[in-house]
Number of protein chains: 2
Amino acid sequence: MKKIVAITLTTASLMAGSLIQDAKNVGLTPIPSSQTQLLKLIDNPKNPITKAKVKLGEKLYMDPRLSRSGLISCNTCHNLMEGGDDGVGPSTGHMWRHNPHHLNAPTVYNAVFFGSQFWDGRAKDLEAQAQGPTLAHPEMAATKQHIVDVVTSMPEYVKEFKKAYGENVKITFSKITDTIANFERILVTPAPYDAFLNGYKEALTPKQKKGLKTFIQIGCASCHNGVALGGEMNVINVAATYKYMNVGDFKGNKNGMVKVPTLRNITQTAPYFHNGMIWNLKDAIKEMGRIQLGMKVSDKQAESIKDFFGSLTGKKPYLRMPMLPASTSKTPKPNLN
Amino acid sequence: MKKIVAITLTTASLMAGSLIQDAKNVGLTPIPSSQTQLLKLIDNPKNPITKAKVKLGEKLYMDPRLSRSGLISCNTCHNLMEGGDDGVGPSTGHMWRHNPHHLNAPTVYNAVFFGSQFWDGRAKDLEAQAQGPTLAHPEMAATKQHIVDVVTSMPEYVKEFKKAYGENVKITFSKITDTIANFERILVTPAPYDAFLNGYKEALTPKQKKGLKTFIQIGCASCHNGVALGGEMNVINVAATYKYMNVGDFKGNKNGMVKVPTLRNITQTAPYFHNGMIWNLKDAIKEMGRIQLGMKVSDKQAESIKDFFGSLTGKKPYLRMPMLPASTSKTPKPNLN
């Protein structure tokens, strides 16, 4: 009996070896296991990651006072304690207004790996992205001035900005959003899938390996590739016959294209699609087969791909709950209307 | 020169000694420095504090899926990263509705020391309190069934309940809210003030000592006493000529009484009063003098008392940002309406 098991394992390992190659051939790329390589990948030369910026950026990310109402922080829609998103259909912000196009808040985890940000890819990086929701009216609904006034009203924040950028720092709106983005850059979640692609062949279960094979074979990786398994500006043509176009009026970018979302932590980020209309992961897989690949994905195939998705659930960074500085008499008052 | 300083210090120490006694005489009580004594003070024999319960309770406290919308957690209004409150006027919840009586969300920090909970004191302890906002319509707007369904839909939660209460635990609404309350019991924030009352005479600055003296002399401690410097059911008679009664229609308890709020971390919990109508701490101090003590508190006295309040800013417990379990197909869907 022992002998048979041994043989089976060897065969599985050999198969795994070729599976890793197959995965790499279709553009699937792991999060590097080397911290130096990872840092190179997530860093922005124009906004280099430093401990001081990350620590401050986390506070700003968590601070609801940056919003007009004083109630909505970045974390409200991109909740780090959940899947880095909010788990509801349309993004819901100031005065309970929903995103006018019924857009679903995407996860912030691993967003650093995206080639562009927002569903229509209009922002080139996290620094540009962070400027959007802070000012958008159905989201945080603030003004640049409000945000600068809030931050500069608290000596503790001013001190931390000086620590991060030097004594002569000018605390501007873009300096604030750059700092938030700096924090977001570290939000990567290495998963068993990465260990597997990095050569640790037993990191995936047999079922997960089978699922990965199916994923590659039916062509999912033609869009869901790169480090994030998504995130490049391509492919979902919502201008075409998209079944759920009757929800929201999002037209994608000027070419009618919608950004492919990441599949990392996908089991934690329902509901799915840009309009958050599908809750069940198997349904989502089948729907993508139908619309994007023009094929019927069987129940068995969908189940198998879902098994694989389990290996994409990553380890979240260890974060301390930050204590935000106290408001002062100079801090702008929240406006609930 | 040195000699004079030495003499001054000795006099200050002597004065401090009598100030400690004066403070104790008017019912001011420190958070005990002994962990055993503290545990005795914050524990509930019917719901004893355990690590497993606290860890689970923190997750439940942070989990917005307990609310009808999936967007509002206990932490939304009682934000542990701020002063344990939300920093806005009226408590604002489901569908952006405000508390119908314009009530301000009180801090959860040190609420364990209160003799009763809610502004009208209708709940006898944190366990009873936690049942309110989860179901209240302008707050989390859930039903008992929804909350039980959410929690039991996630195997990770079920496992943690078993760990906390034993294999045969029945996960009921009250078991869930008891667990949240168990976590809230540890949210105490020892401050320099406590070190002072516990005998460390130099824990307060000379200005803070002077402020404490003023605080005692003009009679503030007749209501703001005990460990929380407030929290007993007494004294603010809103049925009387309360200047801000034109905001909201809160009548207090059946005797027209409103609970005295804690002064701990008061510099972090603006706006003030049950209706959150005063933002400036000095104004709040003067207003209380006028209404409660029937006296004009001078600008100098108010400033001095405010100095003392600085010594009530405590050390918050070190909390790790919890990772919440992923929703499953059985988890009730959020309802934004």
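No value in this document is a laboratory result; all are computed from the given coordinates. This one's a predicted model, so the numbers in the text were calculated from it and none came from an experiment. Because the Cβ atoms are built from the backbone with ideal geometry, glycine has one as well, and the counts that use them run over all protein chains shown.
Normalised by the residues of chain B, what does the relative contact order come to in percent, with Cα pairs under 8 Å and at least six apart? Before the final figure, lay out each step's value.
On the way: 602 pairs, mean separation 83.2, N = 337.
Across chain B, relative contact order equals 25 percent.
Top mean-square fluctuation among A:Met62, A:Met323, A:Met140, Gaussian network model of chain A, C-alpha springs under 10 Å?
For chain A, modelled as a Gaussian network with Cα springs under 10 Å, the answer is A:Met323.
In the neighborhood of B:Ser174, defined by Cβ-to-Cβ distances under 12 Å, what is the net charge if each Lys or Arg adds +1 and each Asp or Glu adds -1?
On the way: positive: B:Lys46, B:Lys144, B:Lys170, B:Lys175; negative: B:Glu127, B:Asp178.
Once positives and negatives cancel, what remains is +2.
Taking just the C-alpha trace of segment B:39-184, give me its Rg and Dmax in Å.
Just the Cα atoms of segment B:39-184 yield Rg and Dmax of 14.6, 44 Å.
Going 7 Å from Cα along the Cα-Cβ axis for the label, what nanometre distances separate B:Ser33 from the same residue across the other copies?
5.1
How big is segment A:97-175 in terms of Cα radius of gyration and Dmax, in angstroms?
Computed over the Cα atoms of segment A:97-175, radius of gyration and Dmax are 14.9, 43 Å.
For the protein assembly as shown, list log₁₀ I(q)/I(0) at each q in 0.07, 0.10 Å⁻¹, using the Debye formula over Cα point scatterers of equal strength and ignoring solvent, two decimals each.
-0.52, -0.99
In debye to the nearest 20, how big a dipole does chain B give about its Cα centre with +1 on each Lys and Arg Cβ and -1 on each Asp and Glu Cβ? Don't jump to the answer; show the numbers that get you there.
Numbers: 42 positive and 26 negative charges, 90 e Å.
Dipole of chain B, to the nearest 20 debye: 440 debye.
For B:Ser222, go 7 angstrom from Cα along the Cα-to-Cβ vector, then report the distances to that same point in the other copies in nm, smallest first.
Label-point distances to the other copies, shortest first: 8.2 nm.
Summing Lys, Arg as +1 and Asp, Glu as -1, what charge do residues with Cβ under 9 Å from the Cβ of A:Gly132 carry, A:Gly132 excluded? If you can, show how the numbers build up before the last one.
Details: positive: A:Arg122; negative: A:Glu139.
Net local charge, A:Gly132 excluded: 0.
Per residue of B:264-271, how many C-beta atoms from partner chains lie within 10 Å of its own C-beta, taken as a mean? Write down the numbers at each step before the final one.
Numbers: counts 0, 1, 1, 3, 5, 2, 6, 3.
Per residue, the average neighbour count from other chains is 3.
Gaussian network model of chain B, Cα springs within a sub-10 Å range: biggest mean-square fluctuation belongs to which of B:Gln208, B:Gln292, B:Gln37?
Between B:Gln208, B:Gln292, B:Gln37, it is B:Gln37 that shows the largest mean-square fluctuation.
Loop-only chymotrypsin sites (Phe, Trp or Tyr not before Pro) in segment B:305-337, please: DSSP not H, G, I, E or B, and at most 16 other Cβ atoms within 10 Å. Please report the intermediate quantities before stating the final value.
Working: sites: B:Phe308, B:Phe309, B:Tyr318; in loops: B:Tyr318.
Sparse-neighbourhood loop chymotrypsin sites (Phe, Trp or Tyr not before Pro): B:Tyr318.
Which residue fluctuates the most in chain B, going by a Gaussian network model with Cα springs under 10 Å, if the choices are B:Tyr193, B:Tyr157, B:Tyr272?
Per the Cα network of chain B with a 10 Å cutoff, B:Tyr157 tops the list.
Please return the longest stretch of chain B lacking exposed loop sites, where GluC sites (Glu not before Pro) count only if DSSP places them in a loop and at most 14 other Cβ atoms lie within 10 Å.
Result, exposed sites excluded: B:1-166.
Report relative contact order for segment B:39-184 in percent, whole number only (criteria: Cα-Cα under 8 Å, sequence separation at least 6). Don't jump to the answer; show the numbers that get you there.
Details: 225 pairs, mean separation 45.3, N = 146.
Taking the mean separation of contacting Cα pairs over the length of segment B:39-184, I get 31 percent.
Evaluate the distance, in nm, between pseudo-label points positioned 7 Å from the Cα of A:Lys46 and of A:Asp283 along their respective Cα→Cβ axes.
Calculated label separation equals 4.1 nm.
Counting pairs of alpha carbon atoms under 8 Å apart in space and at least six apart in sequence, what relative contact order in percent does segment B:246-289 give?
After rounding, I find 26 percent.
Among the listed pairs B:Lys55/B:Lys175; B:Lys24/B:Lys251; B:Lys124/B:Lys315; B:Lys210/B:Lys300, which are separated by more than 23 Å between their Cα atoms? Each step should come with its number before you reach the end.
Values: B:Lys55/B:Lys175 14 Å; B:Lys24/B:Lys251 32 Å; B:Lys124/B:Lys315 26 Å; B:Lys210/B:Lys300 11 Å.
With Cα atoms farther than 23 Å apart: B:Lys24/B:Lys251; B:Lys124/B:Lys315.
Calculate, for B:Leu293 and A:Thr143, the FRET efficiency according to 1/(1 + (r/R0)^6) with r their C-beta to C-beta distance and R0 45 Å; round to the nearest 0.05.
Details: r = 42 Å, r/R0 = 0.92.
With a Förster radius of 45 Å, E is 0.60.
At 222 nm, what value in deg cm²/dmol follows for the protein assembly as shown if DSSP H runs of at least 4 each add -39500 (n - 2.57) and the sum is divided by all its residues, to the nearest 500?
Values: 26 runs with 260 residues, N = 674.
Here the helix-only value at 222 nm equals -11500 deg cm²/dmol.
Local charge sum around B:His98 (other residues, Cβ-Cβ under 14 Å, Lys/Arg +1, Asp/Glu -1)? Could the numbers behind the result be given before it?
Numbers: positive: B:Arg97; negative: B:Asp86, B:Glu139, B:Asp249.
Neighbour charge sum, excluding B:His98 itself: -2.
Placing the label point 7 Å from Cα along the Cα-to-Cβ direction, what are the distances from A:Asp299 to the equivalent spots in the other copies, shortest first, in nm to one decimal?
7.9
Quick one: Cα centre-to-centre distance for segment A:18-55 and segment A:106-126, in angstrom?
Taking the Cα centre of segment A:106-126 as reference, the centre of segment A:18-55 is 15 Å away.
Using only the C-alpha atoms of chain B, find the volume of their convex hull and express it per residue in Å³. All intermediate terms of the calculation are to be shown ahead of the outcome.
On the way: hull volume 46.6 nm³, N = 337.
In chain B, the Cα hull volume divided by residue count equals 138 Å³.
Considering the rotation that carries chain B onto chain A, locate the chain B residue whose Cβ comes closest to its axis and report the distance in whole Å.
B:Trp96, 2
Summarise the partner chain shielding of B:86-92 as one whole number: the mean count of Cβ atoms from other chains within 10 Å of each residue's Cβ. Kindly include the intermediate steps, with their values, before the conclusion.
Working: counts 5, 10, 9, 4, 1, 0, 7.
For peptide B:86-92, the averaged partner shielding equals 5.
Please enumerate, by chain and number, the aspartates and glutamates with C-alpha under 12 Å from the C-alpha of A:Lys51, excluding those fewer than 8 residues away in the same chain.
A:Glu160
If you project the alpha carbons of segment B:174-233 onto their three principal axes, what span does each projection cover, largest first, in Å?
That works out to 47, 26, 15 Å along the principal axes.
Among all stretches of chain A without exposed trypsin sites (Lys or Arg not before Pro) (DSSP loop, at most 16 other Cβ atoms within 10 Å), which one is longest? All intermediate terms of the calculation are to be shown ahead of the outcome.
Working: sites that count: A:Lys46, A:Arg97, A:Arg122, A:Lys124, A:Lys170, A:Lys251, A:Lys254, A:Lys296, A:Lys315, A:Lys330.
With trypsin sites (Lys or Arg not before Pro) excluded where exposed in loops, chain A gives A:171-250 as its longest stretch.
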